[in-house]
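Values quoted throughout were computed directly from the atomic coordinates according to the rules given, and no laboratory measurement underlies them. The shown structure was predicted, so the numbers you read here are calculated from the model rather than taken from an experiment. All Cβ positions, glycine included, derive from the backbone under ideal geometry; neighbour counts span all protein chains shown.
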Amino acid sequence: MTLTVSDLIVARGGIAVLEGVSFTLKSGRALVIRGPNGIGKTTMLRTIAGLQPPMAGKVDAPEESFAYAAHSDGLKSMLSVEENLRFWASVFGQSDIDGAVQAFDLEDLLPRLAGALSAGQKRRLGLARLLVTGRSIWILDEPTVSLDTQSVARFADAVRAHLAAGGSALIATHIDLGLEGDVLDVGPFKATGHHADPAGFDESFL
Amino acid sequence: MSSIWENANPVKFSRLAGVVLPWVSGFAAVALVVGLVWGFFFTPDDFRQGSTVKIIYLHVPSAMMAINIWAMMLVTSLIWLVRRHHVSVLAAKGAASVGVIMTLIALFTGAVWGQPMWGTWWVWDPRLTSFLILFLFYLGYLALWEAIDNPDTAADLTSVLCIVGSVFALLSRYAVNFWNQGLHQGASVMRAGAVTGTDTEEKVSNIFFYPLFLCIIGFVLLFVALVLLRTRTEIHKRRTKALLAREHLG
Amino acid sequence: MIALLTRDLKLAVRAGGGFGLGLAFFLIVVILVPFSVGPESVLLSRIAPGILWLGALLACLLSLDRILALDWEDGTLDLVATSPLPLEGVVAVKSLAHWITTGLPLVIAAPVFGLLLNLPAPGYVWLILSLAVGTPALSVVGTFGAALTVGLKRGGLLLSLLVLPLYVPTLIFGAELARRGAEGQATTTPLLMLAGITFGAIALLPFASALVLRINLR
C-alpha cells in the first residue's frame, strides 16, 4: 500500500499551479502538506484522489485504496448520525460502524439527526466516515476545521491508530497534530509556467 | 511529417485564418450580391405564387445552413472529445452562434412566405416545428457555453450535449412527422439539380435554380468566413486569459 | 447501490415535498385547465390525454434540479466518486429514485385526474400504460440535464431550457398513445416508439450523465 507521486503537475482552471511534485508515502506513515493559502493544496489532493486529471506526471497506488475527506462531509441533515454512517459503510461494502463510533465518541449522538449537530460534532461524524470506508490511504483536506482541542486530539489518536494498523495518511493542515510524520512544504513546487504543450490545457494558447 | 492536424494548433490556426479570411469574405460577398440581385430582379414571377416565391433565395439557403451547421458542430465536438483540439470545439461554438441566426432567418422568412401562401404566419407543420426545436437546441447549447466559467469544462459539457442532442433531434424529427403530416412542400432543390426542370409545379426549375445555387454558395462562404472570424476571436480571448493568468501566477 | 436508493427515498419522505410536490403540481394543472378552457365536457374529454401528459411532464421538470444539486452541495458526489460505486450506476439509481418519488405517484394518481377531465372510458388503461412506459424516460433525460447543470449557481432555468427539446419525442409519442387509446385507434406504433425511447434512454443516457458528472466534479 505505497503511494508514489512522481513529477506531478496539477492545474486549476487550465493553468498549472504546482509542478514537479514527487513523494512517496509508505504504509504506516503520515505526510503533512503545508503551504500558503491558494497555492494549490486542495487541487493537488483532488488530483491525487482521482477527482481531476493531472496535467502531467503520475500517481501510483493500488486500486481503490483512497478515502477522501474535504471541507464538506457528505452528510444528510435529515438522516440520523447512525443512518449517515451506515450509508457510507454500505457504499464501501462494510457493515461495522462500532469502531468509528467509539473513535470519535459518537455513541450518545447516534439517534440524533445530523442537521441538529453542532459544526464540530458534524466534523467528527465526517471524519468517522473515514473509518467505515476500510480504505488504507486517507487523503484529508483541512480535517481539523471547527474542531475543539479535545476533538483534535481525538482525531490525532484516530490517525495514529490508522497508521499503526498499516494505513497511511496525506493531510493538508495548518495546525500541528503532533503526528510523527513527514512534512512536505509545497511552496517550492509553485508552477513557473513553462511546459511542453499538453493538449487540453490553456498552455497551448501561449 | 506534415499533417492536417498541425493546423489545429491555435496559434497556427489564427495565422492561417488571417490569410484565408479576406478571400472567403470577398467570394461570399460576390456570390451573395450576384445571386440575390439575379434572383430578385432577373427571374420571372412564379405563375402561382407570384413574386413571393423570391424569398426562397433567403429561405432555402438559411434553412440548409441551419441543419448543416448543427451537423458540423457534431463532427467538431466529437473531434474535441477524442483529440482534444481546442480549435475544433471553439469552431463549434462559433458555428452555433451563426447557426442560431440562420435558424431564426429560416423561421422568419418561412413565416413571411407562409402568410400569403397558407394565410397564416405560423402552422404546426412538421418542418416548421422541427426548426423551432432545432432553434431550442441551439439556444440551449449556447446558454450552456455562457453559463460555465471554466472554458475546458464548458467545451466538454457542450460537446456531450451536442452529441446527445443530435440523437434527440433525429428522434424529434421522426416524432414530429408522425404527429402531423403537414402543409410544407418537400425539399425540392436537390431534385431540381438532377432533373431538368420541366415541371414548374413540383420542382424548382433551372431559371430559379442557378441564382438559388449561387445564393447557397454565398451562404456557405459567408458561414465559413464568420466561423473563421469567431473562432479566431475565441482563440484570442483564450490567449489573453492564459497570458493574464500566467502573469498573475508570476 | 441499494443503500443509495433507500437513502434517497428516505430523504424524499423526510424532507417533505418529495412525493407530494409533483402530485400537487399535477393536481393544480388539471384543476386549472377547465377554468381556462371552459367546462364543456366534449372539449375536455378530447384534450384530456394531452393535458394529463403535459401536467405529468411539468411535474417531472419541477423536481429535476433536486436530483443531484443537494448531493453536490454537501459533498456527497465527491465522496461517491471516490467510492467503489461506478458513477454510471449512481446516476441510474438517482434516476430511479426520482421516478419512484415523482413518476410513479403520477402514474397511480392519473386515473383520478382523468375523471376530473372527462377522459373517455377506454382511455384509462392507455393513459396509465403510456405514463408508466414514458415517465421513466423523463426521469433519465432529466438526470442528464441535472448532471450538465449541477455545478451552476442558478442552473434551474438553464436546466429547463436544455431538457425542453429533449422531452419533445417522449411527449409526442406518450400523448399520442394516450389520445389514440382514448379514441379507440391503433396504438402499436406510438407504444413501440415510446418504449424504444425509454429503453434506449435507460440503456445509454446514464453513461452520458456519468461522463458529464465526472467533468463537473474535476
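Relative to the first principal axis of the alpha-carbon coordinates of chain B, what is the inclination of helix B:206-249, with its axis defined by its Cα atoms, in degrees from 0 to 90 and to the nearest 10?
It works out to around 20 degrees.
Report the Cα centroid-to-centroid distance between the stretch A:16-58 and the stretch C:132-165 in angstrom, as an integer.
The stretch A:16-58 and the stretch C:132-165 have Cα centres separated by 34 Å.
Using the alpha-carbon atoms, what tilt in degrees (0 to 90, nearest 10) does helix B:56-83 show relative to the longest principal axis of chain B?
Orientation of helix B:56-83: about 30 degrees from the principal axis.
For A:ARG12, list long-range residues whose amide hydrogen, built 1.01 Å from N in the peptide plane, is under 5 Å from its own amide hydrogen.
A:VAL17
Check the straight Cα-Cα distances from C:LYS153 and name the lysines below 23 Å, setting aside those fewer than 8 residues away within the same chain.
Result set, ordered by chain and number: A:LYS76, B:LYS93, B:LYS241, C:LYS94.
Taking 7 Å along the Cα-to-C-beta vector as the label spot, tell me the C:LEU70-C:SER36 distance in nanometres, rounded to one decimal.
2.9
Comparing A:ASP148, A:ASP108, A:ASP157, which has the greatest mean-square fluctuation in the GNM of chain A with Cα pairs linked when under 10 Å apart?
Per the Cα network of chain A with a 10 Å cutoff, A:ASP108 tops the list.
Select from the stretch B:1-85 those trypsin sites (Lys or Arg not before Pro) which occupy a DSSP coil region and have at most 14 other Cβ atoms within 10 Å, ordered by residue number. All intermediate terms of the calculation are to be shown ahead of the outcome.
Details: sites: B:LYS12, B:ARG15, B:ARG48, B:LYS54, B:ARG83, B:ARG84; in loops: B:ARG48, B:ARG84.
The qualifying sites are B:ARG48.
Using a 10 Å cut-off around each Cβ of peptide A:65-75, what is the average number of partner chain Cβ atoms that fall inside? Mind showing how you got there, number by number?
Working: counts 0, 2, 3, 6, 4, 3, 2, 8, 4, 9, 4.
Across A:65-75, the average partner-chain Cβ count within 10 Å equals 4.
Considering the convex hull of the alpha carbon atoms of chain C, report its projected area averaged over all viewing directions, in nm², one decimal.
Working: hull surface 46.9 nm².
Averaged projected hull area, Cα only: 11.7 nm².
For peptide B:171-179, compute the average count of partner chain beta-carbon atoms within 10 Å of each residue's beta-carbon. Please report the intermediate quantities before stating the final value.
Values: counts 11, 8, 2, 4, 11, 3, 1, 7, 8.
Neighbouring Cβ atoms belonging to other protein chains average 6 per residue here.
Could you work out which residue, out of A:MET44, A:MET78, A:MET55, moves most in a Gaussian network model of chain A, that is, has the largest mean-square fluctuation with Cα springs under 10 Å?
Looking only at A:MET44, A:MET78, A:MET55, the largest GNM fluctuation is found for A:MET78.
At 222 nm, what helix-only mean residue ellipticity would chain A give, in deg cm²/dmol to the nearest 500, using -39500 (n - 2.57) for each DSSP H run of four or more? Write down the numbers at each step before the final one.
Details: 5 runs with 56 residues, N = 206.
Mean residue ellipticity, 222 nm, calculated: -8500 deg cm²/dmol.
Taking loop as defined by DSSP and a crowding limit of 14 other beta carbons within 10 Å, which chymotrypsin sites (Phe, Trp or Tyr not before Pro) in the stretch B:1-76 fit? Please list the in-between numbers first.
Numbers: sites: B:TRP5, B:PHE13, B:TRP23, B:PHE27, B:TRP38, B:PHE40, B:PHE41, B:PHE42, B:PHE47, B:TYR57, B:TRP70; in loops: B:PHE42, B:PHE47.
Taking the stretch B:1-76 and a limit of 14 other Cβ atoms within 10 Å, the loop chymotrypsin sites (Phe, Trp or Tyr not before Pro) found are B:PHE42, B:PHE47.
Relative to the longest principal axis of chain A, what angle (0 to 90°, nearest 10) does the C-alpha long axis of helix A:119-133 take?
Helix A:119-133 sits roughly 80 degrees off the main axis of chain A.
For chain C, what does the relative contact order come out to in percent, with C-alpha contacts under 8 Å and a separation of six or more? Mind showing how you got there, number by number?
Numbers: 276 pairs, mean separation 59.9, N = 218.
Relative contact order here is 27 percent.
Restricting the count to DSSP beta bridges whose residues both fall in chain A, what percent are antiparallel, rounded to a multiple of 5? Mind dumping the intermediate values first?
Numbers: 13 of 30 bridges.
Around 45 percent antiparallel, to the nearest 5.
Students often check this: by mean Cβ neighbours within 10 Å, which of C:154-164, C:181-191 ranks highest, and how do the rest follow?
On the way: C:154-164: 19.0, C:181-191: 16.5.
Per-residue Cβ counts within 10 Å, averaged per peptide and sorted highest first, yield C:154-164, C:181-191.
When only DSSP loop residues count, what chymotrypsin sites (Phe, Trp or Tyr not before Pro) in the stretch B:73-130 have their Cβ near at most 12 other Cβ atoms within 10 Å? Before the final figure, lay out the partial values.
Details: sites: B:TRP80, B:PHE108, B:TRP113, B:TRP118, B:TRP121, B:TRP122, B:TRP124; in loops: B:TRP121, B:TRP122, B:TRP124.
Sparse-neighbourhood loop chymotrypsin sites (Phe, Trp or Tyr not before Pro): B:TRP121, B:TRP124.
Determine the calculated [θ] at 222 nm for chain B from helices alone, applying -39500 (n - 2.57) to every DSSP H run no shorter than 4 residues and normalising by the residue count; nearest 500 deg cm²/dmol. All intermediate terms of the calculation are to be shown ahead of the outcome.
Details: 7 runs with 194 residues, N = 250.
Value at 222 nm, helices only: -28000 deg cm²/dmol.
How well do other chains shield peptide B:145-152, expressed as the mean number of their Cβ atoms within 10 Å of each residue Cβ?
That works out to 5 on average.
Test of understanding: in a Gaussian network model of chain B with alpha carbons linked when under 10 Å, which of B:ASN180, B:ASN150, B:ASN206 would top the mean-square fluctuation ranking?
Maximum fluctuation in the GNM of chain B, among the listed residues, is at B:ASN150.
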